[in-house]
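**Student:** Here it is, the structure, as structure tokens.
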Amino acid sequence: MTTATRSVPQARTFASVRRYLPPLLVFVAVLVIWELGTSGPGRRVLPPPSAIVDAAVESQQTLIKATLATFYEAIGGLVLGTLAGVGVAFAAARWIAARDILLPFAVAASAIPIIAIAPLLNNWFGVLSPVSKMAMAALLVFFPMVINVTRGLVEVHPSSLELMRSYAANPGDVLRKVRVPNALPFFFTALKVGTTLAFIGAIVGEFFGGTSEVLGQFVLTSMSSGAFDLAWAAILVGAFTAIVAYIGVSLVERVALPWQSLQTEP
């Protein structure tokens, strides 16, 4: 093994350290400042991280149940919003008339305040039903999915289309071999954005009603009783779950589009 060969893993390790060490140091510094700035006697609206961790450990069983229920609602909404968005995007990319009709509706759906629509969805599907929270999450996922996938299907390089025409390819072949591969990076971008939005939509929907074993109601109940450490524990657990889901989508993207990840590596 040559010196140049041995230096490749070392260079990659150094690049990884240089990439991830600064945000890690900032994260630790924020935790230390937070802990020192909020420690002391008395009840605080923003408790120190140590108090939040203690509250989470004490109520871990309830938090786990609530997290699983909210995760189920968010993923269900993500799936529904993705399917609806991809379907509309394919129709909009195939027919100009459909694009002129459907895209304004997608924009209008994204402009609806989620706080205003949440009570309506609870009335339509039932306050205790997870379907109302899935619908809320799907509504947030729908717009970025439509816009990104439509763009990926439509904005194909003209030379690729000319090459397919030179082979006398039919529209189905062009769709499968050119438009869909071109749209995949756009799809995963929308999916990563939609993953975090789905959790936001599900939790906001829970604020307006739901069983006691969901994160949104857990936060409201804890705050109303003055248990701010429990409320913050639920908030941070919800954020952590959304981050894990985002990382999961990113890993799937790396497997599905390995060339894309190679292009973005330093």
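**Student:** Among 196, 189, 150, which is the only one that is under 22 Å from residue 236 (Cβ atoms), of a type in the set (Ser, Thr, Tyr) and either touching a residue at least 24 places away in the same chain (Cβ under 8 Å) or assigned to a helix (DSSP H, G or I) (or both)?
**Tutor:** Result of the check over 196, 189, 150: 196.
**Student:** Filter the range 115-130 for residues that are touching a residue at least 40 places away in the same chain (Cβ under 8 Å) and surrounded by fewer than 17 Cβ atoms within 10 Å (Cβ to Cβ); which is nearest to residue 201 (Cα to Cα)? Spell out the reasoning first.
**Tutor:** Initially, the range 115-130 is screened for residues touching a residue at least 40 places away in the same chain (Cβ under 8 Å), giving 115, 118-119, 121-122, 127-128, 130.
Of the ones still in play, those that are also surrounded by fewer than 17 Cβ atoms within 10 Å (Cβ to Cβ) are 115, 119, 127-128.
Numbers: 115: 9, 119: 12, 127: 15, 128: 16 Å.
Within the range 115-130, the match that is nearest to residue 201 (Cα to Cα) is 115.
Residues are listed down the side, and each one gets a yes or a no for (1) touching a helix residue (DSSP H, G or I) at 6+ places or on another chain (Cβ under 9 Å); (2) more than 22 Å from residue 247 (Cα to Cα); (3) among the small types (Gly, Ala, Ser); (4) surrounded by fewer than 18 Cβ atoms within 10 Å (Cβ to Cβ):
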{"residue": "62", "(1), (2), (3), (4)": "yes, yes, no, yes"}
{"residue": "110", "(1), (2), (3), (4)": "yes, yes, yes, yes"}
{"residue": "135", "(1), (2), (3), (4)": "yes, yes, yes, no"}
{"residue": "143", "(1), (2), (3), (4)": "yes, no, no, no"}
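**Student:** Now, a different point. Name the residues in the range 229-256 that are out of contact with any Ser or Thr (no Cβ under 6 Å at 6 or more places or on another chain) and of a type in the set (Phe, Trp, Tyr), would you?
**Tutor:** 232, 240 - these are the residues of the range 229-256 that are out of contact with any Ser or Thr (no Cβ under 6 Å at 6 or more places or on another chain) and of a type in the set (Phe, Trp, Tyr).
**Student:** Let me ask something additional. Quick one: in the range 38-55, of everything that is over 28 Å from the mean Cα position of the chain (by Cα) and not in a helix (DSSP H, G or I), which residue is modelled with the highest pLDDT?
**Tutor:** That would be 39.
**Student:** Within the range 78-108, can you find the residues that are within 20 Å of residue 198 (Cβ to Cβ) and in contact with a helix residue (DSSP H, G or I) (Cβ under 6 Å, 6 or more places away or on another chain)?
**Tutor:** 78, 80, 81, 82, 84, 85, 86, 88, 89, 106
The values are calculated or read from the model by the stated rules, or taken from the named source; none is laboratory data. Given the structure is predicted, the values throughout are model-derived calculations rather than measurements. Reconstructed Cβ throughout: ideal geometry from the backbone, glycine too, with neighbour counts over all protein chains shown.
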